[in-house]
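The values are calculated or read from the model by the stated rules, or taken from the named source; none is laboratory data. For clarity, every value in this text was computed on a predicted model and none was experimentally measured. SASA here: full protein model, heavy atoms, side chains in, ligands and nucleic acids out. Shrake-Rupley method; radii C 1.70, N 1.55, O 1.52, S 1.80 Å.
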Amino acid sequence: MAPSVSEGDVMFASSLFRPGRGDIAIVRDPTDSERLLHKRVKRIEREWYCVEGDNREQSRDSRQFGPVPRHLVLGRAWAMA
């Protein structure tokens, strides 16, 4: 799948809306708290989100670092080209 967000795109995020399955979420990297990631939500389980990048071959996501705790999911993202 081609990436949904490209270099140079402007992204907006809202903490008012929790991302649902299929949405792009802004997530604090569980292994580096200074780094923010944008990932697609694949599954939600109570207090955990499983997220994946659209470019599976090059993405670092829940397949590597596991489910993300809900408190590290900062909000739902919208991309503006």
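Couple of notes before you dig in:
- For the chain: accessible area per residue (Å², 1.4 Å): 68
- Residues whose amide H falls under 5 Å from that of A13, counting only those 5 or more places apart or on a different chain, are W78, with hydrogens built in the peptide plane.
- Computed from backbone phi, the HN-Hα couplings of region 23-37 come to 6, 8, 10, 8, 10, 6, 4, x, 9, 8, 5, 7, 9, 9, 10 Hz, rounded to whole numbers (Karplus: 6.51 cos²θ - 1.76 cosθ + 1.60, θ = phi - 60°; Gly and Pro given as x).
- Among the protein heavy atoms of region 22-81, carbon and sulfur supply 47% of the accessible surface, probe 1.4 Å, non-protein parts ignored.
- Its relative contact order, with pairs defined as Cα atoms under 8 Å and 6+ residues apart, puts the chain at 40 percent.
- Whole-number D in µm²/s for region 1-59 (Stokes-Einstein; Kirkwood sum over Cα pairs; 25 °C, 0.890 mPa s): 198
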